[in-house]
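Read the figures in this text as sums done on the coordinates, not as results from a lab. This is a predicted model, so every value here is computed, not measured. Neighbour counts are summed over all protein chains in view; Cβ atoms, including those assigned to glycine, are modelled from backbone coordinates with ideal geometry.
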Amino acid sequence: MILRAVLCGCGAMAKGWLRAIAANRELQSSIRIVGLVDVNVEAARALAKEFDLADALVGSDLDAVLSETKPDLLFDVVVPAARHEVVAAGLRHGCHVLSEKPMATSLAAGRELIRLAGEAGKIHAVVQNRRFISGVRRIRRFVESGAIGRLTGLHCDFFIGAHFGGFREEMDNVLLLDMAIHTFDAARFIADKTPLAVYCHESNPRGSWYAHGAAANAIFELSDDVTFTYRGSWCAEGANTSWESQWRIIGTEGTLLWDGAESFQANKVAGSEGFLRELLPIEVPEPADQAETYGHASVITDFVAAIRSGKKPETASDDNINSLAMVFAAIESARSRQRVTI
């Protein structure tokens, strides 16, 4: 059965979604885009032309397009401030909804969307595409194997001088709200632990081209005495890290380093004597399922599979709100300069 979909929000991010669908044979045969919606209808028309979607209904009124096309799915790619209204409209029209991150602009709004999805009997999930990459899946499998003993800490560095222009440069808490959620969600997935509390310092460094919060340092307390630390900046010029951050994963018996790209280095303790113990290099296995490593395409595939099977998708909003809670707790800690429980 082909699922009919309307895409709302036809800016640059939407192109990533449509490219992912076009490049994946399974998604090509599973999804038909029947509508494109944007407050700037010319943007919707341009997107339809670029992706050869001549049969898709184009408009600026989401309710009208949903009423006419009667889709199964709504792809929500709007700016965060518009998310609640768009998701609510999709659920009201009987659609399953897949949203860009963050899933909401507040925890209260996130809980409301979970409630609406439950009442509608529909799936609402979030595109946390960066947990669906090879490196993150490899680390999760490696940690689960016990190769470096029991997990004790995860430590991430994210430093990129990113010149977006547009809405991001006017946002409050831009790094934490728009980017760090990817790293927080990946850490929660890798550790498979519950976030409990955070202390965060946020700043907008001298020379920043952002209005607010381009840099942050956070210490998270996770369950089972695991610590997750994050150091990040979106206005750090001169030595960019990977978009996936640089990671140090520490266990009771060893450490894994990942550069956020292709380099993995893992060692475990091999000796029992000496001031610094002898180390043994160990391999980091490939992901158990390569189909889970294609970013946007893997998220969308998981979403479609959940609709067809009735199972819960990995990034369902009632789970993803835990990653959002990490973000808002960090923001509150930065504001109050206090440790905040999650």
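At-a-glance table
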read-out	value
Sequence ranges 264-277, 196-209, ranked by mean other-Cβ count within 10 angstrom, highest first	196-209, 264-277
The chain: most fluctuating residue of Gly254, Gly110, Gly16 per GNM, C-alpha cutoff 10 Å	Gly16
For the chain, size of Cβ-based charge dipole, Lys and Arg +1, Asp and Glu -1, in debye	280 debye
Table column - 3J(HN,Hα) (Hz), region 285-295, Karplus curve with 6.51, -1.76, 1.60, x for Gly and Pro	x, 5, x, 5, 9, 4, 5, 8, 10, 10, x
Antiparallel %, DSSP beta bridges [both residues in the chain], to 5	60 percent
Of Lys15/Lys311; Lys193/Lys268; Lys15/Lys49; Lys193/Lys311, pairs whose Cα-Cα distance is over 19 Å	Lys15/Lys311; Lys193/Lys268; Lys193/Lys311
Computed Rg/Rh of the chain, alpha carbon atoms with Kirkwood Rh	0.99
Cβ-based charge dipole, the chain, positive-most Cα from Leu3, Leu176, Leu57	Leu3
Net charge of Cβ neighbours under 13 Å - reference Arg83; Lys, Arg +1; Asp, Glu -1	-4
Spacing of the two label points (7 Å from each Cα toward its C-beta) at His201 and Arg150, in nm	3.1 nm
Cα-based shape type of region 161-319, given that a ≥ b ≥ c are square roots of the gyration tensor eigenvalues and the cut on a/c is 1.5	oblate
Sequence ranges 47-60, 177-190, ranked by mean other-Cβ count within 10 angstrom, highest first	177-190, 47-60
Which of Met1, Met13 has the fewest Cβ neighbours within 10 Å, and the rest in rising order	Met1, Met13
Debye, to nearest 20: dipole size of region 3-126, +1 on Lys, Arg Cβ, -1 on Asp, Glu Cβ	320 debye
Karplus-derived 3J(HN,Hα), 6.51/-1.76/1.60, for each residue of region 264-276, Hz, glycine and proline x	10, 9, 10, 9, 10, 5, 10, x, 10, 9, x, 4, 10
Computed label-point distance, nm, for sites Ser263 and Ile2 using a 7 Å Cα→Cβ extension	4.7 nm
Anisotropy class of region 60-218 from Cα gyration tensor, a/c 1.5 cut	oblate
Spin-label model distance (nm) - Glu112 vs Gln338, 7 Å beyond Cα toward Cβ	2.6 nm
Gain on full stretching of the segment that runs from Ser272 to Ser29 - 0.36 nm per residue minus C-alpha separation	81.8 nm
Summed residue charge, Cβ within 11 Å of Tyr210's Cβ, Lys/Arg positive, Asp/Glu negative	-3
Net charge over other residues, Cβ less than 14 angstrom from the Cβ of Ser134 (K, R count +1; D, E count -1)	0
Using a Förster distance of 25 Å, the FRET efficiency for Met13-Asp61 (Cβ separation, nearest 0.05)	0.75
Cα gyration tensor shape of region 3-126, rounded if a/c is under 1.5, else prolate or oblate by comparing a/b with b/c	prolate
FRET efficiency, Ala54 to Phe164 (Cβ-Cβ, R0 22 Å, nearest 0.05)	0.10
For Ile31, residues with placed amide H under 5 Å, excluding near neighbours	Leu3
Structure-based [θ]222 nm, the chain - -39500 (n - 2.57) summed over DSSP H runs of at least 4, per residue, nearest 500	-10000 deg cm²/dmol
